[in-house]
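Some notes on the structure that comes next.
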Amino acid sequence: MQATLERAAAKSAPQVSLISVRDLWKTYHVGEISVPAVRGVNLEVPQGQFVAIMGPSGSGKSTFMHMLGCLDRPDRGQYRLAGVDVTLLTKRELAALRNARIGYVFQSFNLLSRTTVLDNVALPLTYSNVPRRRRRERAARMLDQVGLADRMMHLSNQLSGGQQQRVAIARALVTNPVLLLADEPTGNLDSRTGVEIMALLQSLNRETGLTIILVTHEPDIAEYAGRVVTFRDGEICSDVFNENPREAVVRV
């Protein structure tokens, strides 16, 4: 009975927003032409949610992702990450926030090809002045978490595409971020390997409570998320919650 009451209370309790976006705008200027990329977007993302962002080319989804990742600044509006008003930060403060609180996974992996897998994963910690031994210990734990403990001394260019993306995910997690941003993480992978990566992301979200925002143009990949936000012409045109997301099942 007590356990039932606790579950009911947890379900009815207000969720804390990790991301809070209010009236966010971004316009690019090409010569005398102004191109509005993001137009007055509002979005709340509770901690622990897995969100897919979709939209056609030029819809504003990538620009929005760059602003969430503190890689670009909005022209106006407010963006709060874990309670911090990002729009008020200096360049140095933004860089510190990116390194400490946000992990990135890209379509092209962005690994150092002639560097060991272990050192690739440990790289972000060098910017935080973490001692070398601790960097390597933490990187080894992350590689074990993504199922690559037996590959840590390989060079990254000796791995398959799926393995390289797992290394990239481990690298994104090594700083213990509150937010993981994944930009088309399955775009360079075959369909089977793409499902393996989505299974890993689902596992990380469910087992660790990591908040994940994934940009994709593939509807079948978006089905693995618990929420799908669709952009069009710089605005959110659809925001759908999926109580039963598709399970990423890896078949042997």
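No lab work stands behind these numbers, since they all come straight from the coordinates. What you see is a predicted model; the values in this text were computed from it and never measured. Quick reminder, even Gly has a Cβ in these numbers, built from the backbone with ideal geometry, and neighbours come from all protein chains shown.
Out of ARG80, ARG114, ARG98, I need the residue that is in a helix (DSSP H, G or I), basic (Lys, Arg) and touching a strand residue (DSSP E or B) at 6+ places or on another chain (Cβ under 9 Å). Which one? Even if it seems obvious, please write down each step before you answer.
Working: ARG80 fails: in a helix (DSSP H, G or I); ARG114 fails: in a helix (DSSP H, G or I).
Within the list ARG80, ARG114, ARG98, the selection yields ARG98.
Per-residue answers, yes or no, for (1) assigned to a loop (DSSP other than H, G, I, E, B); (2) acidic (Asp, Glu); (3) at positive phi:
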{"residue": "ASP23", "(1), (2), (3)": "no, yes, yes"}
{"residue": "HIS29", "(1), (2), (3)": "no, no, no"}
{"residue": "ARG39", "(1), (2), (3)": "no, no, no"}
{"residue": "GLU44", "(1), (2), (3)": "no, yes, no"}
{"residue": "VAL51", "(1), (2), (3)": "no, no, no"}
{"residue": "PRO74", "(1), (2), (3)": "yes, no, no"}
Got a sec? Which of LEU189, LEU173 is under 12 Å from the mean Cα position of the chain (by Cα) and within 24 Å of ALA222 (Cα to Cα)?
LEU173
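Which residue is surrounded by the fewest Cβ atoms within 10 Å (Cβ to Cβ), if the candidates are limited to region 134-182 and must be basic (Lys, Arg) and either in contact with a Leu (Cβ under 9 Å, 6 or more places away or on another chain) or in contact (Cβ under 8 Å) with a residue 24 or more places away in the chain (or both)?
We begin by selecting, within region 134-182, every residue basic (Lys, Arg); these are 134-136, 138, 141, 151, 166, 171.
Then drop every residue that is not either in contact with a Leu (Cβ under 9 Å, 6 or more places away or on another chain) or in contact (Cβ under 8 Å) with a residue 24 or more places away in the chain (or both), which leaves 134-136, 138, 151, 166, 171.
On the way: ARG134: 11, ARG135: 21, ARG136: 18, ARG138: 19, ARG151: 19, ARG166: 26, ARG171: 26.
Residue satisfying both the conditions and the ranking: ARG134.
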Test: VAL21 is surrounded by fewer than 21 Cβ atoms within 10 Å (Cβ to Cβ) and free of Cβ contacts under 8 Å to residues at least 60 places away in the same chain
no
Filter region 183-226 down to the residues that are among the β-branched types (Val, Ile, Thr) and closer than 15 Å to VAL146 by Cα, then identify the one that is surrounded by the most Cβ atoms within 10 Å (Cβ to Cβ).
ILE197
